[in-house]
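Take a look at the structure below.
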Amino acid sequence: MSRQGQGDRPLTAAAINKLRILFVDDEQDIRNVMKLELPRMGHDVVLCEDGQAALAALEQQTFDAAIVDLRMPGLSGWDVIEHIKKVSPETEVIISTGHGDMESAIQAVRAGAYDFLRKPCKLFEISAALKRVAEKRTLTNKTIALESRLKAVEGSPDLIGRTPEMLRVKKLCEKIAPTDSSVLILGETGTGKELVARRIHDLSKRSTMPFVAVNCGALPENLVESELFGHRKGAFTGADTFRKGLLEVANGGTLFLDELGELDKQMQVKMLRFLESGEVRRVGENEAFHVSVRIVCATNRDLQQMVGEGSFREDLFFRINTFEINLPPLRERKDDIPELARTLIARTLKRRDIPENIMAPETVQVLKQHDWSGNVRELANALEHAVIMSDGGTIHPEDLPAGILKHSTGAVFARATVEMPQHPKTLREIEMDVIYQVLDKHQGDKPKAALELGIALKTLYNKLNGDHTKAAG
């Protein structure tokens, strides 16, 4: 039985709302109370007796929130706030001040502080302020995740297909989605592995939280750790600002690691450590913190072979492979091609309603004959090309890319049956024969004929007028 680690720990409100808090106050009694009460509220806290200690703590780690007393000996709260905004602008500052300093508190809020509390602070007021910080953090993470998703999105948001192979994939997604178990999706490039990952997320109890996708193979090797775990400002050359890692952005939701087999051995160790503990440690920081993230991985490589070769860790392979989903290549489910093609054409045209005859029957035959080594991604590109070439009308075989046509038999290219004459005809005569046959088929309805011919109605009129002029002459 697979062991569930902390990386895919069950989703709870406490896990999502947990904050790392810097509490700065020169009064020992207040610090003693906060040492007990803030953890009871579900947060981690670092206590500092003055501004100098606070600056030292900020050198060690980044905080979600800082509760800072304005009046302290030595470095004032103002100095601490200024330093926080410089080294950790993501940290939300809450001012703690006496009644006589209300003007200063208001001034601090205007200068960028998130909120202020009047001393003596009531526990429910502190809890409410921190809850607002947690809600803002969650909203920020969702926004970042949405931007990432919009940049990476490709293909239909649904799993299209009714073949037995795809029905099995859909059923398995529905079965495993409610769990927090890790999932490994296997399949060739372009088969839609990210769509399966999204489907699992959308059907899970994490569906309202971020879905973050990252292609491990597209990340520079020296930036993979920073991308996943984040870094503090100045952690390495080029780290000019604080960066939140994608594991933190995905907190409460799902992180999809595509092309997992591209991670080097060092990053494999760090991912395994995260999956076992749920701990994230930003580059340049000493302190770790926990997140609740479900991990879904994908690859087009044979990880078991890589384990045998020593290029992929066996313990990581077993850790991510609680459930395995194998996506069939498109050539093994060709009966899904017509439905897939219509969906992809509608997406290209940015329309939901498209004509039933958007593809000529011969076009469907061509699509089914092709091997589709690039799978759904290749099909999408071919249909985008065809939509442009057909001017949004009926798609005929010759509208498809030349590379698709050359692998298909010539019999499917005939738009209409034209008997070969005893004496060769000109191309113009053959063209007009086809036009008149299609007009007869539609009982003289020129708009329908133009649609089937794949030409503009005006073009049809021009060709007919040209033919009549020639006949009159």
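Things worth noting here:
- Matching residues in region 35-49 - criterion: being more than 39 Å from the chain's Cα centre (by Cα) and surrounded by 18 or more Cβ atoms within 10 Å (Cβ to Cβ): Cys48
- Gly155 passes every criterion in (1) part of a loop (DSSP other than H, G, I, E, B); (2) modelled with pLDDT of 90 or more apart from (2).
- Pairs where the first residue, in region 195-209, is closer than 15 Å to Asp180 by Cβ and the second is β-branched (Val, Ile, Thr) and surrounded by fewer than 23 Cβ atoms within 10 Å (Cβ to Cβ), C-beta under 7 Å, 6+ apart: Ile200/Ile176
- Residues in region 289-315 that are part of a helix (DSSP H, G or I) and surrounded by 21 or more Cβ atoms within 10 Å (Cβ to Cβ): Leu303 alone.
- Within region 155-188, restricting attention to residues that are under 22 Å from Leu383 (Cβ atoms) and acidic (Asp, Glu), the residue that is surrounded by the most Cβ atoms within 10 Å (Cβ to Cβ) is Glu188.
- Look at region 245-262: where a residue is β-branched (Val, Ile, Thr) and a partner is surrounded by 24 or more Cβ atoms within 10 Å (Cβ to Cβ) and in a loop (DSSP other than H, G, I, E, B), sitting 6+ places away or on another chain with Cβ atoms under 9 Å, you get Val249/Pro210; Thr254/Pro210; Thr254/Val293.
- Among (1) surrounded by fewer than 19 Cβ atoms within 10 Å (Cβ to Cβ); (2) in the same structural domain as Val169 (by TED's automatic domain parsing); (3) part of a helix (DSSP H, G or I) - the single one Arg319 does not satisfy: (1)
- Residue in region 95-109 that is modelled with pLDDT of 85 or more, surrounded by 18 or more Cβ atoms within 10 Å (Cβ to Cβ) and among the hydrophobic types (A, V, I, L, M, F, W, C) present: yes
- Extreme residue, surrounded by the fewest Cβ atoms within 10 Å (Cβ to Cβ), among residues of region 17-31 that are outside any loop (DSSP other than H, G, I, E, B) and among the aliphatic types (A, V, I, L, M): Ile30
- Condition check for Pro355 on (1) surrounded by 14 or more Cβ atoms within 10 Å (Cβ to Cβ); (2) in contact (Cβ under 8 Å) with a residue 24 or more places away in the chain; (3) not aliphatic (A, V, I, L, M): one failure, at (1).
- Boolean, Thr62 is in the same structural domain as Asn17 (by TED's automatic domain parsing), among the hydroxyl-bearing types (Ser, Thr, Tyr) and in contact (Cβ under 8 Å) with a residue 60 or more places away in the chain: yes
- For the criterion of being crowded, with 22+ Cβ neighbours inside 10 Å, touching a strand residue (DSSP E or B) at 6+ places or on another chain (Cβ under 6 Å) and either among the β-branched types (Val, Ile, Thr) or over 23 Å from Asn381 (Cβ atoms) (or both), Leu257 passes.
- Cross-chain or 6+ apart pairs with Cβ under 8 Å, region 18-30 first and assigned by TED's automatic domain parsing to the domain that holds Thr97, then crowded, with 20+ Cβ neighbours inside 10 Å and among the basic types (Lys, Arg): Leu19/Arg137
- Thr363 vs. criteria within 21 Å of the chain's Cα centre (by Cα) and either under 30 Å from Ala449 (Cα atoms) or touching a residue at least 40 places away in the same chain (Cβ under 8 Å) (or both): no
- Criterion (in contact with a strand residue (DSSP E or B) (Cβ under 6 Å, 6 or more places away or on another chain) and among the charged types (D, E, K, R)) met by exactly one of Arg243, Arg273: Arg243
Residue by residue, here is whether (1) within 25 Å of His290 (Cβ to Cβ); (2) of a type in the set (D, E, K, R); (3) surrounded by fewer than 21 Cβ atoms within 10 Å (Cβ to Cβ) holds:
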| position | (1), (2), (3) |
| --- | --- |
| His201 | yes, no, no |
| Ser204 | yes, no, no |
| Ser207 | yes, no, yes |
| Pro210 | yes, no, no |
| Cys216 | yes, no, no |
| Glu221 | no, yes, yes |
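- Of all residues in region 190-248, those that are closer than 30 Å to Glu332 by Cα and in a helix (DSSP H, G or I) total 13.
- When Asp240 is tested against (1) surrounded by 15 or more Cβ atoms within 10 Å (Cβ to Cβ); (2) acidic (Asp, Glu); (3) farther than 25 Å from Val376 by Cα, exactly one condition is not met: (1).
- Whichever residue in region 391-430 is more than 13 Å from Val364 (Cα to Cα) and surrounded by 15 or more Cβ atoms within 10 Å (Cβ to Cβ) and, among such residues, is modelled with the lowest pLDDT: Gly392
- Scan of region 264-287 for residues that are surrounded by 17 or more Cβ atoms within 10 Å (Cβ to Cβ), over 22 Å from the mean Cα position of the chain (by Cα), in a loop (DSSP other than H, G, I, E, B) and not basic (Lys, Arg), ordered by number: Gly284, Glu285
The values are calculated or read from the model by the stated rules, or taken from the named source; none is laboratory data. Please read these numbers as outputs of a predicted model, since none were measured by experiment. With ideal geometry, Cβ positions are generated from the backbone for all residues, glycine too; neighbour counts draw on all protein chains shown.
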